[in-house]
Amino acid sequence: MSANPTPTRILIVEDEPDMARVLQFNLSRQGHGVDHAATLAAAAERLAGTTYQLVLLDLRLPDGSGLDFLAGQQGLPPVIVVSALGDETTVVEALNRGAEDFVAKPFRIRELLARVSATLRRHTPVAVPPNAEVVEDGGLRLDLASHEAASDGEPVILTRSEFRLVLHFLRNPGRVLTRKQLCDEALEAGGSVQERTIDAHIRTIRRKLGGQGQRIATVWGVGYRLVELGDEE
Ligand code: CA
């Protein structure tokens with residue numbers, strides 16, 4: 001048994017007993033504290049009484065839809081949806097409603113555990129402070145004060161929109177970002193920018209960033225995510 005220096009508490013919302021047992025067993029072995037709720041009502045009760053660092057959420061529950069739960073609950077911790085409904089529409093809908101990630105059933109347990117670790121890592125408070133003047137990751141560097149960008153040490157000229165998009169990727173490494181999220185959160189464009197415009201921006205950004213540009217991976221049918229070099233999907 002390895003001691004986990006920063007104990008985390010994870011809530012599994014899953015009505016299928018075997019699936020819940022597999023998740024609970026494997027997450028406990030990683031040193032996490034794990035609770036289980038078999039209905040949305042039980043999940044809401046758990047969330048009201050305990051602080052969780054992560055929720056694994058099934059979508060088809062006996063008392064309703066996990067998608068509605070995502071949209072309806074205030075102040076949820078990060079959520080990874082774990083569902084057999086892995087079609088593009090459902091994945092996009094889940095991400096747009098605030099899920100951090102989506103794992104389709106059946107899944108490989110090691111992949112699921114890796115995604116759990118990645119999500120927990122992204123939400124540890126040592127991440128980039130929101131008003132840091134310089135944001136960097138790997139070979140990408142943005143200076144927020146001077147609006148200068150550099151890729152592998154070489155200066156890169158980015159437009160305002162491109163700069164904001166790259167910044168949004170750097171602040172959400174590894175996270176799948178839908179076109180809609182990139183429009184809304186990075187460009188603050190609301191409905192005025194078409195999601196197709198994002199694809200055009202990404203093409204230009206990839207070209208301008210050279211080798212580092214390959215880190216903006218396409219998540220087919222969904223959007224984009226920033227990966228480590230050599231990790232492209
Ligand atoms: Ca279910």
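The values are calculated or read from the model by the stated rules, or taken from the named source; none is laboratory data. None of the values given here were measured: they were computed from a predicted structure. Don't worry about glycine lacking a Cβ; one is built from the backbone with ideal geometry, like all the others, and counts go over all protein chains shown. With ligands, DNA and RNA removed, areas are computed over all heavy atoms of the protein, side chains included. Shrake-Rupley method; radii C 1.70, N 1.55, O 1.52, S 1.80 Å.
Roughly how many Å is it from the Cα centre of region 131-157 to that of region 43-66, as a whole number?
39
Any chance you could get the radius of gyration and Dmax over the Cα atoms of region 9-122, in Å?
When restricted to the Cα atoms of region 9-122, Rg and Dmax are 12.6, 34 Å.
Using amide H atoms built 1.01 Å from N in the peptide plane, name the residues 5+ places from VAL156, or on other chains, whose amide H lies under 5 Å from its own.
ALA149, ALA150, SER151
Taking the Cα centre of region 134-226 as origin, sum charge times position over the Cβ atoms of Lys and Arg (+1) and Asp and Glu (-1), and report the length of that vector in debye to the nearest 20.
Computed about the Cα centre, the dipole is about 340 debye.
What residues have an amide H closer than 5 Å to that of HIS36, excluding those fewer than 5 places away on the same chain, when H is modeled at 1.01 Å from N in the peptide plane?
Those lying under 5 Å, H to H, from HIS36 are ILE12.
Dipole of the chain (Lys/Arg Cβ +1, Asp/Glu Cβ -1, origin at the Cα centre): which of THR39, VAL227, ALA94 lies farthest to the positive side?
VAL227
For region 134-226, report the % of Cα-Cα distances exceeding 19 Å.
For region 134-226, the share of Cα pairs beyond 19 Å comes to 32 percent.
How much of the accessible area of the chain, in percent, comes from carbon and sulfur atoms when a 1.4 Å probe is used?
In the chain, the share of accessible area belonging to carbon and sulfur is 50 percent.
Output wanted: per-residue J couplings in Hz (rounded whole) for region 56-71, from phi through Karplus 6.51 cos²θ - 1.76 cosθ + 1.60, θ = phi - 60°, x for Gly and Pro.
Rounded to whole hertz, the list is 9, 10, 6, 9, 9, 10, x, 10, x, 9, x, 5, 5, 4, 4, 6.
If you count only protein heavy atoms with a 1.4 Å probe, what accessible area per residue comes out for the chain, rounded to a whole Å²?
In whole numbers, the chain has 52 Å² accessible per residue.
Loop-only check: which GluC sites (Glu not before Pro) in region 1-96 are DSSP coil with at most 14 other Cβ within 10 angstrom?
none
Tell me the Kirkwood hydrodynamic radius of the chain in angstroms, computed as one over the mean inverse distance between distinct C-alpha pairs.
18.9
Taking 8 Å as the Cα distance limit and 6 or more residues as the minimum spacing, I'd like the relative contact order of the chain as a percentage.
On the way: 351 pairs, mean separation 28.2, N = 233.
12 percent.
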